[in-house]
Amino acid sequence: MRKFIVGNWKMNGTSADLGEMAEISAVARLHNSVDSALCIPATLIERAVAAVGAFPIGGQDCHMQNSGAHTGCVSAEMLSDAGAVLTIIGHSERRAAQHEQDSDIRAKAQAAKAAGLKAILCVGETLDEREAGMALEIVLGQVAHSLPDNAAGAWLSVAYEPVWAIGTGRVAEPADVADMHAAIRAALVGRFGAEGQKIRILYGGSMNGDNAAVLLAVPNVDGGLIGGASLTAAKFQPILAAAQASGE
Ligand code: 13P
């Protein structure tokens, strides 16, 4: 399976950063055995698409409906209309701050698919949940309840992002990542059969140029979802290089 390396810019970026996005797309083109993309603020999608050529640009969320009285929300159809080809769904920052539930995320995934977008659906436990020995149960529950029944196939990726590893510099141990990714794979195959093998499982949480090679070598780690280290071409490039090397 080709590795998938996705940058999540979160609430960062203005028109002054379009040049950096173009740099990132140029660097990504040099790593042609890796799939990559940037998920950026909705305000920048249309201009970014014009700035990066064929490089995939995505959003970071979408509403479950196409249109209507939902002040401040952006639909999957609107993302697609702006030129996005993918979107993140169910990020833990949205599960926590916007109180998104598995049922919301499931509906958002269906909306993304209906609009022709690829989706990266995030799951992950908090530190309290891990320390209570509940990490597997929490994450497999999220996988069971937030993936729609038509999830199988290459349009969907699952991102395992332990909440305590996001933005903290604290990376999950490779053995723990291996256990979690194997459990997610087993759940996907249990539900979708052989098609469940095609769903890429990304790791996210303080991935950077120093730890990417080790994390990407873990079985069932099919790529990475990268926050801070995706904001510049200089930081993103070593992750792309590690992904490229892991496939050789
Ligand atoms: P960091 O790479 O900054 O830890 O963020 C990870 C993340 O939340 C990506 O979605």
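Compute the signed sum of charges (Lys and Arg +1, Asp and Glu -1) over the other residues within less than 15 Å, Cβ to Cβ, of Asp128.
Working: positive: Arg95, Arg130, Arg170; negative: Glu125, Glu129, Glu131, Glu137.
The answer is -1.
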Practice task
Taking the Cβ of Val52 as the centre, find all other residues whose Cβ is under 13 Å away and add up their charges (Lys, Arg: +1; Asp, Glu: -1).
Solution key: -2
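Using the 10 angstrom Cβ neighbour count as an exposure proxy, how do Met180, Met207, Met78 rank, fewest first?
Details: Met180 25, Met207 29, Met78 18.
Lowest to highest Cβ neighbour count: Met78, Met180, Met207.
From the P(r) of the range 157-248, could you give the percentage of C-alpha pairs in the tail past 21 Å?
28
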Completion exercise
From DSSP H assignment alone, runs of 4+ in the chain each adding -39500 (n - 2.57), the sum over residues rounded to the nearest 500 puts [θ] at 222 nm at -12000 deg cm²/dmol
Handout entry: Nearest-20 debye value, the chain charge dipole, Cβ charges on Lys, Arg, Asp, Glu
Key = 520
Fill in the blank from the handout: Around Ala217 (Cβ within 13 Å, Cβ-to-Cβ, excluding Ala217; K/R +1, D/E -1) the net charge comes to -1
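If you count, for each residue, the other Cβ atoms within 10 Å and average over each peptide, how do 31-43, 63-75 line up from highest to lowest? Kindly include the intermediate steps, with their values, before the conclusion.
Numbers: 31-43: 20.2, 63-75: 12.8.
Per-residue Cβ counts within 10 Å, averaged per peptide and sorted highest first, yield 31-43, 63-75.
Tell me, what is the percent relative contact order of the chain, built from C-alpha pairs under 8 Å that lie six or more residues apart?
On the way: 514 pairs, mean separation 53.5, N = 248.
Relative contact order, the chain: 22 percent.
Here, each number is a calculation from the coordinates, and none is a lab measurement. Since the structure is predicted, the reported quantities are computational estimates derived from the model, not experimental observations. Heads up, the Cβs are rebuilt from the backbone with ideal geometry, glycines too, and the neighbour counts pull from every protein chain shown.
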